[in-house]
Amino acid sequence: PQDRFRIGSLTKPFVATVLLQLEAEGRLRLDDPVERWLPGTVSGDGYDGRRITLRQLLGHTSGIYDYTEDAAFQRAYFTDAFMTSRFRPVSPEGLVRTATSHPPVSAPGAAWHYSNT
């Protein structure tokens, strides 16, 4: 019970399932803008959470940069440095800040680009 581990990309289907359940219950719509549910989280530097939908996030068409492509993130987690940084907590907000410190990869809905963000 006290063990913790990261499940990586397997998180995405869990999140998608919950969003689909919430939509089925009428509690949200996949076409809702991100800004409605996470106000102020995706903004600035070319990002506008009012133009990005939950559906686009789930379908990797939001245009949001993938934080795992950030050079500093790669040095910390994809090199030998991983052994010293692997247990360092990284908040979801911090990961979004890393992503949004880079320009969008496309306009929302314009292209597909895999994004862990």
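The values are calculated or read from the model by the stated rules, or taken from the named source; none is laboratory data. From a predicted model like this one, the values you see are computed outputs, not experimental measurements. When we count neighbours, we look across all protein chains shown, and the Cβ atoms used for this are built from the backbone with ideal geometry, even at glycine. Ligands, DNA and RNA are excluded from the accessible area calculation, which covers all protein heavy atoms including side chains. Shrake-Rupley method; radii C 1.70, N 1.55, O 1.52, S 1.80 Å.
Couple of notes before you dig in:
- Hits in the range 66-81 - residues which are loosely packed, with under 12 Cβ neighbours inside 10 Å and either under 14 Å from the mean Cα position of the chain (by Cα) or of a type outside the set (V, I, T) (or both): A71, A72, F78, D80
- Residue within the range 28-45 that is at pLDDT below 95, under 23 Å from S106 (Cα atoms) and either open to solvent by 80 Å² or more (accessible area, probe 1.4 Å) or touching a strand residue (DSSP E or B) at 6+ places or on another chain (Cβ under 8 Å) (or both) present: yes
- Any chance P103 is loosely packed, with under 13 Cβ neighbours inside 10 Å, more than 12 Å from the chain's Cα centre (by Cα) and closer than 25 Å to L58 by Cβ: yes
- The helices (runs of 4 or more DSSP H) found entirely in the range 12-77 that carry 1 or more residues being touching a Phe, Trp or Tyr at 6+ places or on another chain (Cβ under 8 Å) are 54-58, 71-77.
- In this entry, F87 is excluded by the filter for residues that are free of Cβ contacts under 8 Å to residues at least 12 places away in the same chain and assigned to a helix (DSSP H, G or I).
- Scanning the range 82-100 for residues that are among the charged types (D, E, K, R) and under 19 Å from L38 (Cα atoms), we see that the one that is surrounded by the most Cβ atoms within 10 Å (Cβ to Cβ) is R97.
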